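Chemist: I'd like to ask some things about the structure below.
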Amino acid sequence: MSAQRSTVSYLKWPLIVTVIGLGLSGWLGFATEGDMRGIMSFLFVGAVLAALEIALSFDNAIVNANKLEEMTPVWQRRFLTWGILIAVFGMRIVFPLAIVAIFAWINPFAAMHLALADPDEYSRIIGKAHGPISAFGGTFLMMVALKFFIDEDKSVDWVKSVERQLRKWGSIRGFEIALVLVIVLVIAQYLPDYKIAPFLTSAVMGLLVFTLVDGLGTYLDNIAGKTAEIGAKGGLGAFLYLEVLDASFSFDGVIGAFALTANILLIAIGLGIGAMYVRSMTIMLVERGTLAEFRYLEHGAFYSIFALSIVMFLQSLTHVHELITGGVGIGLIGLAFYASIIHNKREA
């Protein structure tokens, strides 16, 4: 029954949130600037932030859908309800405040006051933290991508010349970890001396978090099914993995948002609107079985993740515009979608 839903029905709640969110953006603009110019300015920035979030997170929706298909219906619902709350309020509000609290050595309440009273200083501190955040997110996302490609059990290849070779390397234990560490060390060679230690520390933390989360998920999945209680824990492992993955995807959008505005409330509204569309895309992909119908779509998403991880590493050296980041991701997924259509026509 759910597979027969129209595309418009999936957009019901995102559209409602869009109307409410843009209304709040306009009100916030009037409350901040006190004139029509402020209203229009905040409306425009809110809409751009939502579009930015969608562009940067489309591959996230595909990966989420792939993981959700392995979860029980109960844990699927929990991720799509609790997960979206964590994504919107945790990553779009709490995460920037936590960054400022850590780097400025102030408590979270002082960080909130700073965000509202002195947004320029708040934005400066966020920018200062960009390098370590990029190292953490880049390492985590690169491990996510490489785990997909460097897998002996992987049976479907899109770019065969590359993926077949990567599958062979899957027999080498820890190969993906070694590859990521080599890339991290190469990037570190081009950083100023005072940035090297924070960059390497953050990269190692990203690798450590991935190993812990992935290991926990694998452990819980291996013992799932022995009892009903343990089976539920298997869902917990996948849930934690998806939450950390979403956090890594969110880094780029949150940091990029500060290039448009330093108003944390406007950032939360704009990115929150985008997150609702990503959630709806995830549901649609799961219910319609789109990943099974378009066999290379998942490959495009993981190529996009790998490209995003490279971009995040490069952002430790220089600024890469968010439109480039989003454009590369959408382009790779679009190519994979087209290749899937061609494959289906040949099979037919």
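FYI, it's all coordinate maths here, none of it is from the lab. None of these values were measured; they are calculated from a predicted model. Cβ: placed from backbone, ideal geometry, glycine included. Neighbour counts: every protein chain shown.
Chemist: Going by a ≥ b ≥ c, the root eigenvalues of the Cα gyration tensor, does segment 250-348 fall in the rounded group (a/c under 1.5), the prolate group (a/b larger than b/c) or the oblate group?
Modeler: Oblate, since a/c reaches 1.5 and b/c is not below a/b.
Chemist: Quickly estimate the mean residue ellipticity at 222 nm for the chain, helices only: each DSSP H run with n ≥ 4 gives -39500 (n - 2.57), and the total goes over all residues, rounded to 500. It would help to have the intermediate numbers written out before the result.
Modeler: Numbers: 16 runs with 273 residues, N = 348.
Rounded to the nearest 500, it is -26500 deg cm²/dmol.
Chemist: Could you pull out every one of the aspartates and glutamates with an alpha carbon less than 20 Å from that of Lys12, ignoring same-chain neighbours closer than 8 positions?
Modeler: Reachable aspartates and glutamates: Glu53, Glu287.
Chemist: Can you flag which of Lys160/Lys345; Lys67/Lys128; Lys147/Lys168 are past 23 Å Cα-Cα?
Modeler: From Lys160/Lys345; Lys67/Lys128; Lys147/Lys168, over 23 Å: Lys67/Lys128.
Chemist: In what sequence do Leu56, Leu24 fall when counting other Cβ within 10 Å, fewest first?
Modeler: So the residues, fewest neighbours to most, are Leu24, Leu56.
Chemist: Can you check what the net charge comes to around Ser161, using other residues whose Cβ is under 13 Å from the Cβ of Ser161 (Lys, Arg +1; Asp, Glu -1)?
Modeler: +2
Chemist: Computed from these coordinates, which is mean projected area of the Cα convex hull in nm²: (i) 23.2; (ii) 19.4; (iii) 28.3?
Modeler: Given (i) 23.2; (ii) 19.4; (iii) 28.3, the calculated one carries the label (ii).
Chemist: Find how many whole Å separate the alpha carbon centroid of segment 140-170 from the alpha carbon centroid of segment 242-315.
Modeler: So the two Cα centres are separated by 21 Å.
Chemist: While we're here: Using 0.36 nm per residue, how much length does the chain from Thr81 to Val48 gain when fully extended, once their Cα-Cα distance is taken away?
Modeler: 9.4 nm
Chemist: For segment 32-128, take N as its residue count and report Rg(C-alpha) divided by 2.2 N^0.38 Å.
Modeler: Here the Cα radius of gyration is 1.39 times the empirical estimate.
Chemist: I've got another one for you. Taking 7 Å along the Cα-to-C-beta vector as the label spot, tell me the Tyr190-Asp153 distance in nanometres, rounded to one decimal.
Modeler: For Tyr190 paired with Asp153, the spin-label model returns 3.7 nm.
Chemist: Ordered by residue, what ³J(HN,Hα) values in Hz, to whole numbers, does segment 9-22 give under the Karplus form 6.51 cos²θ - 1.76 cosθ + 1.60, where θ = phi - 60° and Gly and Pro are x?
Modeler: 5, 6, 8, 4, 5, x, 5, 4, 5, 4, 4, 5, x, 5
Chemist: Could you check which residue among Phe140, Phe249, Phe149 shows the biggest mean-square fluctuation in a GNM of the chain with a 10 Å Cα cutoff?
Modeler: Checking each option, the largest mean-square fluctuation is seen for Phe149.
Chemist: Loop only by DSSP, 15 or fewer other Cβ within 10 Å of the Cβ. Give me the chymotrypsin sites (Phe, Trp or Tyr not before Pro) in segment 81-133 that pass, ordered by residue number.
Modeler: Within segment 81-133, the qualifying chymotrypsin sites (Phe, Trp or Tyr not before Pro) (loop, at most 15 other Cβ atoms within 10 Å) are Trp105.
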